[in-house]
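The values are calculated or read from the model by the stated rules, or taken from the named source; none is laboratory data. The structure presented is a predicted model; accordingly, all values stated were derived computationally and were not measured. For neighbour counting, all protein chains shown are included, and Cβ atoms are generated from backbone atoms with ideal geometry for every residue, glycine included. Accessible surface areas use protein heavy atoms only, side chains included; no ligands, DNA or RNA. Shrake-Rupley method; radii C 1.70, N 1.55, O 1.52, S 1.80 Å.
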Amino acid sequence: MVAQASPISITRHGAVAVIHIDHAPVNALSRGVRQGLLDAVRALNADPAVSAIVLSGGPGRFIAGADLREMALPPDEPFLPEVVGAIDASTKPVVAALDGAALGG
């Protein structure tokens with residue numbers, strides 16, 4: 001089995017951390033993306049060297065909504081409300097850097 005690269009990566013620009021979402025080709029909110037976002041937001045929120053968080057989907061895209069390939073699967077953690085709740089509860093500003101489509105509910 002070949003290990004897949006994480007759909008989430010983080011870069012730092014001084015005190016600003018950028019969470020990059022790269023789940024090609026559609027950048028959908030798959031289980032891996034949801035878990036990666038949750039882990040990244042929690043870790044960055046706990047990091048005293050970070051003063052702001054930016055969410056980025058990359059050039060020409062942001063998020064395509066739910067991963068339709070997973071709709072037939074049983075629900076799995078983390079659910080999207082948990083991820084959104086972690087972002088909402090962040091003590092640091094979280095900004096979305098939109099460059100392209102941001103679809104879904």
Notebook entry, point to check: What whole-number value in cubic angstrom gives the convex hull volume per residue for the C-alpha atoms of the chain?
Noted result: 115
Margin query: Report the Cα centroid-to-centroid distance between segment 15-33 and segment 66-105 in angstrom, as an integer.
Written below: 10
Notebook entry, point to check: What percent does the relative contact order of the chain come to when contacts are Cα pairs within less than 8 Å and at least six residues apart?
Noted result: 32
Note to self: Testing the spin-label approximation: label points 7 Å from Cα along Cα→Cβ at D76 and A102. State their distance in nm.
What the structure shows: 2.7
Note to self: Please report the antiparallel percentage of the DSSP beta bridges confined to the chain, to the nearest 5.
What the structure shows: 35
Next item on the list: Mind grabbing the accessible area of E77 for me, 1.4 Å probe, Å², rounded to tens?
Entry: 100
Note to self: If you wrap a convex hull around the alpha carbons of segment 5-67, what volume per residue comes out, as a whole number of Å³?
What the structure shows: 78
